[in-house]
């Protein structure tokens, strides 16, 4: 990726596109992540930087899904990932990934952006659930129990 400064709006557009890919992969189980990425990226007019970003993050999330889901399962008391709506789960996965692996995005920003995605796409009741789960994960990570510490 280039070193060009990315606007808040472009970051939001990237998260929206990433959410769409993640959501599609929940339903298109007969297709590989590679196929979903190719189809999804062909449907959008994206810059080369955005395509690279989406490719890197999407495949990294898919690779680390068990670890990410472990954090979600620990924080969502009584709610295993199998019971969480597919849309809420995708939003949570993106935010948890950012909180763990994206150093230049503070956890509070990841949480706020997840809530914004929830407001835009999810059930109105989902934002409180997403906020609660992500804040528990943030507290866990800040307490020093982060996997790579």
> Does residue 141 meet the test of being crowded, with 20+ Cβ neighbours inside 10 Å and either at positive phi or assigned to a helix (DSSP H, G or I) (or both)?
Replying inline: no
>> I'd like to check something: does the range 106-120 contain any residue that is loosely packed, with under 14 Cβ neighbours inside 10 Å and not in a helix (DSSP H, G or I)?
In response: yes
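Each value in this text was obtained by applying a stated rule to the coordinates, not by laboratory testing. Being a predicted model, the structure only gives us computed values, none of them experimental. Counting neighbours? That spans all protein chains shown, and the Cβs are built from the backbone with ideal geometry, glycine included.
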